[in-house]
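> Could you have a look at this structure, given as structure tokens, before my questions?
Coordinate-derived values only; no laboratory data. Quick caveat: nothing in here was measured; it's all calculated off a predicted structure. Note: ideal-geometry Cβ built from the backbone for every residue, glycine included; neighbour counts use all protein chains shown.
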Protein chains: 2
Amino acid sequence: MANEKALTAQAEDFSAWYNELVLKAELADYSPVRGCMVIRPYGYRLWELMRDRLDLRFKETGHQNAYFPLFIPQSFLEREAKHVEGFAKEAAIVTHTRLKTTDDGKLIPDPESKLEEPLIVRPTSETIIYEMFSKWVQSYRDLPLLYNQWANVVRWEMRTRLFLRTTEFLWQEGHTAHASHDEAEEESLRMLGVYREFMEEYLAMPVVVGEKSESERFAGALRTYTCEAMMGDNKALQNGTSHNLGQNFARQFELKFASEQGGEEYAWNTSWGVSTRMIGGLIMTHGDDAGLVMPPRVAPIQVVIVPIFRKDEERDLVLGKAREIVAALPGIRTHIDDRDKLTPGAKFFEWEMKGVPFRIEVGPKDIAKEQVVLARRIPEGEQRKEFLPEAEVIASLPQRLEDYQTFLLERARARREANSYRDVATYERFREIIDGDGGFVYAGWCGSAECEEKVKEETKATIRCLPFEEFRSPSAPSACLVCGQSAAHEAVWAKAY
Amino acid sequence: MANEKALTAQAEDFSAWYNELVLKAELADYSPVRGCMVIRPYGYRLWELMRDRLDLRFKETGHQNAYFPLFIPQSFLEREAKHVEGFAKEAAIVTHTRLKTTDDGKLIPDPESKLEEPLIVRPTSETIIYEMFSKWVQSYRDLPLLYNQWANVVRWEMRTRLFLRTTEFLWQEGHTAHASHDEAEEESLRMLGVYREFMEEYLAMPVVVGEKSESERFAGALRTYTCEAMMGDNKALQNGTSHNLGQNFARQFELKFASEQGGEEYAWNTSWGVSTRMIGGLIMTHGDDAGLVMPPRVAPIQVVIVPIFRKDEERDLVLGKAREIVAALPGIRTHIDDRDKLTPGAKFFEWEMKGVPFRIEVGPKDIAKEQVVLARRIPEGEQRKEFLPEAEVIASLPQRLEDYQTFLLERARARREANSYRDVATYERFREIIDGDGGFVYAGWCGSAECEEKVKEETKATIRCLPFEEFRSPSAPSACLVCGQSAAHEAVWAKAY
Ligand SMILES: [Zn+2]
Ligand SMILES: [Zn+2]
């Protein structure tokens with residue numbers, strides 16, 4: 001049960017607000033294993049709802065789920081040079097397979113069980129999956145292979161944050177093989193589109209989509225595409241990426257096929273992933289000082305019903321009515337809070353903290369009047385609570401949930417736009433924004449790693465992406481924000497998680 | 001695509017039949033990591049269907065899903081003496097967290113990244129879960145906690161078999177905490193019942209349920225209950241277990257609560273699990289020399305439609321009809337095999353190997369007569385194929401699938417009973433059965449570990465369980481099969497996987 005103590009205000013300390021909220025809303029908890037979190041039932045139910053929707057879309061776009069080993073032989077990681085460079089420094093390494101008791105009664109890894117080749121707990125599965133693909137693919141007729149895996153992965157991060165950066169996290173990783181570059185490119189963009197659609201339509205989280213600069217590219221990829229969302233503190237969160245891997249992995253894992261023309265060619269791969277990190281994004285996109293704000297389509301509880309009664313005689317009557325209301329809302333995820341030891345006020349506090357979209361209060365007087373009290377987690381105008389005929393509430397709730405979903409997306413989009421800056425012509429103005437309240441800065445970039453690096457060092461802001469056409473400014477910036485030379489791209493800069 | 005070569009016959013070499021079938025039906029494949037398998041899409045879809053049904057039942061019985069860390073600190077495993085004894089010899093141990101390149105260019109675990117305390121990749125999660133429970137539980141009001149986790153676990157097995165015994169496997173582990181012994185006992189029996197119902201009603205796999213003898217008890221449990229199924233070679237497979245853990249773990253992890261009476265008490269725990277091993281059980285319960293036999297309720301494809309045509313002009317007509325049939329069967333998992341390069345015969349072979357319950361063949365002549373050919377994977381009588389009016393097939397398929405489901409369960413039950421032996425009075429007769437075709441032998445047991453061990457050493461048979469009342473013989477055996485002394489229990493003996 002959430003402790004009835006207010007959160008630190010966002011304006012005071014956004015980071016403290018976030019950590020407190022994750023714990024108080026019982027989404028997750030710290031574990032005794034450094035950097036690993038426990039996802040509690042409320043957080044896990046949210047993940048299940050997100051996963052189920054994404055899984056449906058993956059299947060609709062022709063993908064199949066499979067499962068590959070947790071362990072990667074060290075030599076596999078070594079084969080793709082950039083890949084090992086990217087993951088070697090944060091690897092959980094299995095070296096022994098047995099514990100033994102020493103003469104003085106201590107338990108130690110048995111030296112005799114030392115593995116000849118260490119195993120790495122997967123940080124991502126390109127290597128082992130493409131090794132398997134190379135066994136299964138002979139001819140162009142076997143292509144494309146469109147696979148997805150829901151799994152846990154481990155990256156030994158030094159500084160961790162619940163959901164945002166944890167040593168172990170849950171994710172899905174799509175892995176595909178194609179007969180041509182263009183098909184792979186199309187696939188990587190298609191899946192980026194699936195992510196964007198999910199984030200906007202389900203998480204009510206608007207994203208800027210585009211390509212990563214070389215320095216931010218996935219270790220071993222030809223091109224990396226990304227969905228970038230703006231958080232409540234105006235920092236960016238990379239929420240999902242899709243990679244065109246070219247033939248880099250295919251070459252290292254001998255993933256070849258007999259082409260239609262009769263030759264032998266290396267396949268073209270893509271990979272794409274989203275993780276429990278999105279939960280952090282959802283919290284920081286919509287949350288406020290009272291707690292979480294759940295978009296209805298992924299809310300574990302969409303409507304909570306709080307029965308109000310003083311005397312025991314009233315209890316049965318009011319609970320009976322609550323059950324009637326639940327029965328009348330079959331397509332909606334409802335919950336009756338029938339705890340006896342808690343005041344209605346304490347219940348309201350808890351369900352607001354947990355971000356439940358709608359609350360229905362019903363007491364003996366309401367029943368007599370055939371009305372209920374309806375409260376929306378974020379009201380549209382001033383009114384916190386409405387007294388409405390019960391029948392009207394039941395009939396309108398599905399539409400109200402959809403309207404609220406749209407409202408949250410529009411609110412987040414307006415917030416993002418209010419904190420996005422275009423036509424930023426000087427580096428001074430850029431620093432003023434970034435060192436001030438922050439936000440997304442659209443500006444010209446010459447394309448050089450030096451300018452990118454200089455900005456990162458001086459301001460901690462990075463190029464979040466080179467945005468796709470629809471996000472670009474009406475008139476393309478002509479000069480690089482940093483060096484003033486001719487701009488090769490328009491880039492979105494921001495501080496990021 | 002399955003290779004059109006027959007399997008080794010079951011009668012010739014059951015074990016070879018099994019291994020070949022898992023590969024040919026594309027359920028799983030060997031991986032480059034010793035003992036770890038790859039679950040291929042057809043096998044993973046089966047697992048998803050099994051998981052979804054079980055998950056629904058867990059939720060219906062009040063459980064919530066959560067997720068706990070992959071890693072267990074070594075000291076946690078040590079706290080429960082029997083528990084560490086049970087798992088120390090097959091542990092994947094993480095000792096380092098970084099790879100580094102040596103001067104001669106070799107990659108090694110960086111000695112400076114050595115962990116102070118090794119981490120064990122979870123073989124099961126009692127320890128870390130009860131540690132977390134102890135943080136969350138203060139009062140009897142916080143109980144019961146009814147949790148479940150879907151996860152991968154690792155046990156470093158020496159001899160592995162696809163699905164049956166792999167180093168890494170997928171499973172669910174339920175973990176609960178209660179205020180009293182009786183409540184915990186009720187829970188462990190309830191979940192055993194959920195397992196049994198699932199195995200019988202979904203996997204069409206009859207099971208004998210009962211209690212494990214002390215030697216076969218889960219490491220750290222008070223009592224272990226089990227579901228034991230008979231495979232096609234008359235060996236037993238332990239398919240799922242449920243444990244009353246008593247207060248053993250609660251004591252070690254300080255899982256205490258303020259009781260209603262005001263005192264402080266240790267909680268009572270249960271844990272229960274089933275794994276991808278059940279897929280092995282499904283294969284060996286129903287499969288035959290032609291391949292898999294999928295029970296309809298978990299079959300990834302329930303009805304496959306094979307369009308038959310010679311000329312290109314016929315192709316559109318026949319495929320159009322196939323799509324019409326699919327559209328007319330909305331609640332059924334269908335698949336149209338429209339591959340052009342394969343003969344109908346090769347397709348029949350492949351779908352029989354994959355155990356699809358029903359096949360519909362449709363060609364131009366059938367369309368003219370408004371009929372289709374219907375074939376059931378295991379016919380009831382002699383008839384392999386029936387020519388039936390299309391409308392009749394469409395109308396009757398849901399019922400046919402249910403009938404086939406029941407047929408498979410009854411067939412498996414009859415098979416098991418035909419290979420079960422009661423009233424086995426002498427040890428000679430017992431050896432004759434076990435050393436011969438095998439089977440389940442119901443016989444008296446005095447309750448001594450010596451008699452149990454003697455049987456195991458001499459025959460490799462073990463006590464599978466002390467069966468619950470409904471499975472016991474009409475008249476209880478009076479003497480121990482081994483020593484002839486007075487029988488304390490009736491036991492089911494068999495060789496097992
Ligand atoms: Zn520049
Ligand atoms: Zn005896």
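> Could you work out, residue by residue across A:84-96, how many beta carbons of other chains sit within 10 Å of that residue's beta carbon, and then give the average as an integer?
Other-chain Cβ atoms within 10 Å of each residue's Cβ, averaged: 6.
> Between B:K311 and A:E450, how many nm apart are label points set 7 Å from Cα along the C-beta direction?
Simple spin-label model gives 7.3 nm for this pair.
> Need one value for A:116-126: mean number of C-beta atoms belonging to other chains within 10 Å of its residues' C-beta atoms.
Average neighbour count from other chains, rounded to a whole number: 2.
> Of the cross-linked pairs B:K59/B:K135; A:K24/A:K235; B:K212/B:K456; A:K100/B:K456, which ones have a Cα-Cα span greater than 20 Å in the structure shown?
B:K59/B:K135; A:K24/A:K235; A:K100/B:K456
> Can you compute the charge dipole magnitude of chain A about its Cα centre, using +1 on each Lys and Arg Cβ and -1 on each Asp and Glu Cβ, nothing else charged? Give it in debye, rounded to the nearest 20.
Charge dipole of chain A: 900 debye, to the nearest 20.
> Related question: Could you tell me the relative contact order of region B:1-100? Use alpha-carbon pairs under 8 Å, at least six residues apart, and round to a whole percent.
11
> Work from the charge dipole of region B:337-455 (Cβ charges, +1 for Lys and Arg, -1 for Asp and Glu, about the Cα centre) and give the residue of B:I378, B:F358, B:P344 farthest towards its positive end.
Working it through, the farthest residue towards the positive pole turns out to be B:P344.
> If we sort B:216-224, A:260-268 on the protection proxy, mean other Cβ atoms within 10 Å, highest first, what's the order?
Descending packing order for the listed peptides: B:216-224, A:260-268.
> Using all C-alpha to C-alpha distances in region B:301-399, build P(r) with 10 Å bins and read off the rounded percent in each one.
15, 54, 29, 2
> May I pose another question? Given the DSSP H assignment, sum -39500 (n - 2.57) over each helix run of at least 4 residues in chain A and divide by its residue total; what's the result at 222 nm in deg cm²/dmol, nearest 500?
Calculated at 222 nm, the ellipticity per residue is -10500 deg cm²/dmol.
> Compute the FRET efficiency between A:W136 and B:E116 as 1/(1 + (r/R0)^6), taking r as their Cβ-Cβ distance and R0 = 41 Å, and round to the nearest 0.05.
Efficiency, from the Cβ-Cβ distance: 0.45.
> Compute the whole-percent fraction of alpha carbon pairs in chain A spaced more than 46 Å apart.
Counting pairs separated by more than 46 Å, the tail of P(r) holds 21 percent.
> What does the extension gain come out to for A:K82 and A:F468, with contour length at 0.36 nm per residue minus their alpha carbon separation?
136.3 nm
> Shifting gears a bit: To one decimal in nm, how far is B:A258 from the same spot in the other copies, if labels go 7 Å from Cα toward Cβ? Please give the shortest first.
7.6
> Right, something else. Give me the Debye-computed log₁₀ of I(q)/I(0) at q = 0.04, 0.10 Å⁻¹ for the protein assembly as shown, equal point scatterers on Cα only, no solvent, two decimals.
Computed log10 I(q)/I(0) values: -0.22, -1.42.
> A further question follows. Taking the label point 7 Å from Cα in the Cβ direction, how far apart in nm is A:S15 from each other copy of itself, listed shortest first?
A:S15 label point versus its equivalents elsewhere: 5.9 nm.
> Separate question: Which one, A:L189, A:H178, A:V154, projects farthest toward the positive side of the charge dipole computed for region A:14-286 from Cβ point charges (K/R +1, D/E -1)?
Working it through, the farthest residue towards the positive pole turns out to be A:V154.
> Do any trypsin sites (Lys or Arg not before Pro) in region B:1-75 lie in a loop, going by DSSP, with at most 15 other beta-carbon atoms within 10 Å of their beta carbon, and if so which?
When the trypsin sites (Lys or Arg not before Pro) of region B:1-75 are filtered for loop state and at most 15 Cβ neighbours within 10 Å, B:K5 remain.
> If I take the Cα coordinates of region A:91-176 and project them onto the principal axes, what are the three extents in Å, biggest first?
Projected onto the principal axes, the Cα atoms of region A:91-176 cover 62, 35, 16 Å.
> Using the Cα centre as the reference, give the magnitude of the dipole from point charges on the C-beta atoms of the protein assembly as shown (Lys, Arg: +1; Asp, Glu: -1; all else neutral), rounded to the nearest 20 debye.
In total the dipole reaches around 0 debye.
> Between region B:251-328 and region A:314-365, what is the C-alpha centre distance in whole Å?
36
> Over region A:116-203, what is the mean sequence separation of C-alpha contacts under 8 Å (at least six apart), divided by residue count, expressed as relative contact order in percent?
Contact order relative to length: 26 percent.
> Report, for A:A327, each distance to the same residue's label point in the other copies, shortest first and in nm; define the point 7 Å along Cα→Cβ.
So the distances to the same position in the other copies read 3.9 nm.
> Okay, moving on. In whole percent, what relative contact order does chain B give with Cα contacts below 8 Å and a gap of six or more residues?
14 percent.
> Provide the gained length on full extension for the span A:R165 to A:A290, in nm with one decimal, where the gain is 0.36 nm per separating residue minus the Cα-Cα distance.
42.6 nm
> Please give the contour-minus-distance gain from B:E370 to B:S15: 0.36 nm per residue of separation, less the Cα-Cα distance, rounded to one decimal in nm.
123.3 nm
> Report, in whole Å, the centroid distance computed from the Cα atoms of region A:392-465 and region B:476-492.
76
> Could I ask something else about it? Considering only B:P123, B:A488, B:L282, whose Cα is most displaced toward the positive end of the charge dipole of chain B, charges sitting on Cβ of Lys, Arg (+1) and Asp, Glu (-1)?
B:L282
> May I ask for the net charge around A:A92, where only other residues with Cβ less than 10 Å from the Cβ of A:A92 are counted and Lys, Arg are +1 while Asp, Glu are -1?
Result for the local shell: +1.
> Which order do the peptides B:183-192, B:405-414, B:240-249, A:69-78 take when ranked by the mean count of other beta-carbon atoms within 10 Å per residue, highest first?
B:240-249, A:69-78, B:183-192, B:405-414
> Evaluate peptide B:27-39: per residue, the Cβ atoms of other protein chains within 10 Å of its Cβ; return the mean as an integer.
So the per-residue partner count for this stretch is 6.
> For region A:14-286, with only Lys/Arg (+1) and Asp/Glu (-1) charged at the beta-carbon, what is the dipole magnitude about the Cα centre, in debye rounded to 20?
Using Cβ point charges on Lys, Arg, Asp and Glu, region A:14-286 gives about 760 debye.
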